[in-house]
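The values are calculated or read from the model by the stated rules, or taken from the named source; none is laboratory data. These numbers come from a predicted model, not from an experiment. Here the Cβ positions follow ideal geometry from the backbone for every residue, glycine too, while neighbour counts run over all protein chains shown. Surface areas here come from the heavy atoms of the whole protein model, side chains and all, with no ligands, DNA or RNA. Shrake-Rupley method; radii C 1.70, N 1.55, O 1.52, S 1.80 Å.
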Amino acid sequence: MKIAVTSASGKLGASIVKHLINLIGKENVIGIARTVEKATYLGVEIRKGDYNSREDFNSALQGVDAVLLVSGMDEPQKRIQQHRNVIEAAKQNGVKKLVYTSIVGDEDKNAFSPIVQSNRQTEKDVQASGLQWVIGRNGIYIEPDLEYLDTYIKEGRIENCAGQGKCTYTSREELGYAYAKLLIEDKHNGQVYNLVGEPVTQSELAENINKVYGTNLIYNSVTVDNYAADRKAALGDFMGTVIAGIYEGIKAGANDVPSDYEKATGRAPKSLFEMISEFKNNSEA
């Protein structure tokens, strides 16, 4: 069985490839990347695949039994057609199974909603493809918070507009394992899974970081408008709006959803403390 993973040069795609190698061997795994050279370190066959090019995927998916479609990073409206390029090429090549990395979130209540809407449209496209399919809805990754730790330490706090809203964090490692299982186990076909961990507040996030790193961070809640203005100034209008929308969604409960992680993998999701500890250990290795 040959399994292909799109966006293999990205952090999530690379994690999925690594976990697939552990489960089925590198000879059965194909990575697809827009820039082939960025993914060769994975040690598997790498084929060229730009989401904007249906022709790329017509070639990249030849001889493939199952494909993992990692959601693109382009603007929401562009993504829908980009994902359709992969879906149509999969159908043309006789691919049997399609697994899609979607996302948890509100479809119409905050500035992150247009991205959620585009993912929901791709979910519908996947379900209508005629192929066997599985959809995972990813929780928020913990890694960006930990990669931002130096700034948190410098400022002495985590500051955003999530208030007391709970977020079911996950990690790229956790997701990599889950998607590898979804690809190789037929019992998941036709399912939509929330691939998330335990629900925690931002104060609990700070407490867990303090336990692992020995820091003294506190959590400070600010208004949605103030946080959006701050993020736009730091990151530009588009990305600043998106980031503020994510935390606005957390405040409203959009990310406090039941976890299907154990159904997907056969084990409970790792705790926030475990994920932070794993990240720290891997960073120091």
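Of the conditions (1) in a helix (DSSP H, G or I); (2) open to solvent by less than 10 Å² (accessible area, probe 1.4 Å), Lys181 fails just one. Which one is it?
The single condition Lys181 does not satisfy is (2).
Taking region 88-111 as the region of interest, how many residues are under 19 Å from the mean Cα position of the chain (by Cα), open to solvent by less than 20 Å² (accessible area, probe 1.4 Å) and of a type outside the set (Gly, Ala, Ser)?
Going through region 88-111 one residue at a time, the tally reaches 5.
Go through region 79-121 and give me each residue that's without any contact (Cβ under 8 Å) to a residue 12 or more places away in the chain and in a helix (DSSP H, G or I). Outline the logic, then answer.
Taking region 79-121 and keeping what is without any contact (Cβ under 8 Å) to a residue 12 or more places away in the chain, we get 81, 94, 108.
Matches in region 79-121: Gln81 only.
Restricting attention to region 184-238, which residues are part of a helix (DSSP H, G or I) and acidic (Asp, Glu)? Before you say what the answer is, go through the steps one by one.
Kept after step one, since they are part of a helix (DSSP H, G or I), are these residues of region 184-238: 184, 186-188, 202-213, 224-235, 237-238.
Correct list: Asp186, Glu204, Glu207, Asp225, Asp230, Asp237.
Step by step: first the residues of region 257-285, then only those that are part of a helix (DSSP H, G or I) and hydroxyl-bearing (Ser, Thr, Tyr), then the one that is most open to solvent (accessible area, probe 1.4 Å). Which residue is that?
Start the filter on region 257-285 by keeping residues that are part of a helix (DSSP H, G or I), which leaves 261-265, 272-284.
Filter again for hydroxyl-bearing (Ser, Thr, Tyr), leaving 261, 265, 277, 283.
Values: Tyr261: 1, Thr265: 10, Ser277: 29, Ser283: 78 Å².
Ranking the qualifying residues of region 257-285, first place goes to Ser283.
Run Ala254 past the list (1) open to solvent by less than 20 Å² (accessible area, probe 1.4 Å); (2) assigned to a helix (DSSP H, G or I) and report the number of the one that doesn't hold.
It fails just one condition, (2).
Give the number of residues within region 61-87 that are open to solvent by less than 90 Å² (accessible area, probe 1.4 Å) and either within 21 Å of the chain's Cα centre (by Cα) or farther than 21 Å from Leu182 by Cα (or both). Quick ask: steps written out before the conclusion?
To start, the set of residues in region 61-87 that are open to solvent by less than 90 Å² (accessible area, probe 1.4 Å) comprises 61, 63-72, 74, 76, 79-80, 82-87.
Filter again for either within 21 Å of the chain's Cα centre (by Cα) or farther than 21 Å from Leu182 by Cα (or both), leaving 66-72, 74, 76, 79-80, 82-87.
Residues flagged as open to solvent by less than 90 Å² (accessible area, probe 1.4 Å) and either within 21 Å of the chain's Cα centre (by Cα) or farther than 21 Å from Leu182 by Cα (or both) within region 61-87 amount to 17.
Being touching an Asp or Glu at 6+ places or on another chain (Cβ under 8 Å) and farther than 16 Å from Pro258 by Cα is true for just one of Ile158, Ile142, Ile135, Ile153. Which residue is that? Full working, then the answer.
Numbers: Ile142 fails: touching an Asp or Glu at 6+ places or on another chain (Cβ under 8 Å); Ile135 fails: farther than 16 Å from Pro258 by Cα; Ile153 fails: touching an Asp or Glu at 6+ places or on another chain (Cβ under 8 Å).
Exactly one residue qualifies, and that residue is Ile158.
Which of the residues spanning region 140-155 are more than 22 Å from Ala228 (Cβ to Cβ) and either at pLDDT below 95 or in a loop (DSSP other than H, G, I, E, B) (or both)?
Within region 140-155, just Ile142 meets the criteria.
Is it the case that region 191-206 has a residue that's open to solvent by 30 Å² or more (accessible area, probe 1.4 Å) and more than 26 Å from Arg120 (Cβ to Cβ)?
Yes, the conditions are met somewhere in region 191-206.
Return the only residue of Arg231, Arg172, Arg157 being on the phi < 0 side of the Ramachandran plot, open to solvent by 30 Å² or more (accessible area, probe 1.4 Å) and touching a Lys or Arg at 6+ places or on another chain (Cβ under 6 Å). Quick ask: steps written out before the conclusion?
Values: Arg231 fails: touching a Lys or Arg at 6+ places or on another chain (Cβ under 6 Å); Arg157 fails: touching a Lys or Arg at 6+ places or on another chain (Cβ under 6 Å).
Result of the check over Arg231, Arg172, Arg157: Arg172.
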